[in-house]
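Only the coordinates and a few stated rules stand behind these numbers; no lab work does. The shown structure was predicted, so the numbers you read here are calculated from the model rather than taken from an experiment. For neighbour counting, all protein chains shown are included, and Cβ atoms are generated from backbone atoms with ideal geometry for every residue, glycine included.
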Amino acid sequence: MTAETNPAGVEQSPDDGQAWPRSIAVIGAAGLIGSGVVYQLALAGVGNTIHLVDVKENVARAHAIDISEAQILAGVRAPRLSVVDPSATDSWDEVDVVIVAASAPEVPGGDRRDFLAANLRLLRLLAPTIEKLSGNDGIVLLLSNPVDVLAECLHRITDIAPDRILGYSINDSVRFQAAVAREIGVEPHRVRAQVLGEHGKGQVPCFSSVLIDGAPVTLTASQQEQIREDIDGWFQRWSALEPGRSSGWTTPLGVVRMISMMARGETFPAAAWTAGAQGLEEAFIALPVTMGSGKVKRTDWQGSPEEQAALVKAAASVREAAALNLSQELPQEPGRPGPANAVTATNEKTRKADQWRA
Ligand SMILES: NC(=O)c1ccc[n+]([C@@H]2O[C@H](COP(=O)([O-])OP(=O)(O)OC[C@H]3O[C@@H](n4cnc5c(N)ncnc54)[C@H](O)[C@@H]3O)[C@@H](O)[C@H]2O)c1
């Protein structure tokens, strides 16, 4: 049985199918990002089965038909697409990766934290589904915004091990790469640059590790300021266009790249649990990570003192936003956990944090 590499670069065996991940569930699969993720995974031949989950089941079914036909056109045999009946949770199997792209309707206004209250309510509703689908070993990849605060909330309200939760934030690094390229007048593909910290206002562009053609480069203070202004203004410029859509091209492609890097044990930036990272409060912020033995692992990274200080600030801010919003949720509606449960969840956090550290 020989292994082969599929178009996404993920190891695959002709007899045995995909090595990892074999199965993926996409929650919010009828939406722009969710359906885009399914499309990219399907055409890249990642996994044996992709389960599509969405309250708009009819739209998810239409996407599944359309994307399956695109697979025929592209000559791709796997993965198989399966639309899951959201009411038949008993029959759901555990999967290797649960991708969460479900979202309340969003009107971008310049700050992703504006979506927190509504998407946290949704996350609470979806938490049992996410726990069931991810089982004991699955990785949960959050896309819904604000991604790091929601990752922190998910950790607090569920029993999912924090080293199985990740938040997608690669777009920030892509935008940093583009801004550096614009500033110094080179093609973006010649630049390597990563953003850590929060996906939003607390982002930390790592100027100390910018590479051009693989070689370190020192940018002047004024260049750094220009680049910072450029990337900090990205979401506001996007919102001002009033496009009525999020980044439906970059994000799904980035998700497939991220899953490929996870499968290959490569390092990439993602919102991950900070526990044990020197000087950082426990929270989820973007750090360089790899995946090994089915767990997310932080990789060593040494930034400048300013970058380290900005990470410290970002972790504290994410932690505080999660705690505050969990304790301030609206009064309980029928069938939805309310503030009392949020407080319990916050208290639970202490117990669980000790358990994960043990
Ligand atoms: N992390 C990132 O870099 C990044 C990039 C782009 C978008 N996003 C975020 O991804 C999320 C999705 O964006 P979008 O443009 O696809 O939004 P969208 O409105 O097109 O899709 C959201 C989907 O969620 C579904 N949904 C709502 N409630 C649900 C439930 N209870 N169960 C299952 N599905 C449910 C909706 O039916 C809809 O299909 C947003 O929060 C957006 O901000 C994050």
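General observations
- For the chain, the antiparallel share of DSSP beta bridges with both residues in that region comes to about 55%.
- Count Lys and Arg as plus one, Asp and Glu as minus one, and take only other residues whose Cβ is under 11 Å from that of residue 295; the net charge is then +1.
- The modelled label-to-label distance for the pair residue 136/residue 234, using points 7 Å beyond Cα in the direction of Cβ, is 3.9 nm.
- Of 191, 53, the sequence from fewest to most neighbouring Cβ atoms within 10 angstrom is 191, 53.
- With a cut-off of 11 Å on the backbone N, the residues of the range 279-317 near the modelled label site 7 Å out from residue 208 along Cα-Cβ are 301-311.
- Dipole magnitude for the range 176-312: about 540 debye, using +1 per Lys or Arg Cβ and -1 per Asp or Glu Cβ, origin at the Cα centre.
- Anisotropy class of the range 31-137 from Cα gyration tensor, a/c 1.5 cut: oblate
- When you filter the trypsin sites (Lys or Arg not before Pro) in the range 211-272 for DSSP loop state and at most 16 other Cβ atoms inside 10 Å of their Cβ, you are left with 245.
- Amide hydrogen neighbours beyond the local backbone of residue 25, cut-off 5 Å, H modeled: 51, 97, 98, 99
- Counted charge near residue 98, where neighbours are those whose Cβ lies closer than 10 Å (Asp, Glu -1; Lys, Arg +1): -1
- Ordering 208, 223, 258 by Cα displacement along the dipole of the range 135-294 toward the positive end leaves 258 in first place; charges were set at the Cβ atoms of Lys, Arg (+1) and Asp, Glu (-1).
- Note on the chain: lysine pairs with Cα distance below 24 Å, sequence gap of 8 or more or different chains, count 13.
- Calculated FRET efficiency for the pair residue 56/residue 225, C-beta based, R₀ 41 Å, to 0.05: 0.40
- Of 204, 37, the sequence from fewest to most neighbouring Cβ atoms within 10 angstrom is 204, 37.
- Three-way shape call for the range 220-297 based on the alpha-carbon gyration tensor, with the a/c threshold at 1.5: oblate
- Between residue 93 and residue 106, full extension at 0.36 nm per residue minus the direct alpha carbon distance yields a gain of 1.6 nm.
- Charged neighbours of residue 114, selected by a Cβ distance under 12 Å, balance to +1 (K, R count +1; D, E count -1).
- Shown for 91, 246: other C-beta atoms within 10 Å of each C-beta, ranked fewest to most, produce the order 91, 246.
- Size descriptors for the chain: radius of gyration and Dmax over Cα atoms are 19.9, 58 Å.
- Think of each Lys and Arg Cβ as +1 and each Asp and Glu Cβ as -1; about the Cα centre, that makes the dipole of the chain roughly 160 debye.
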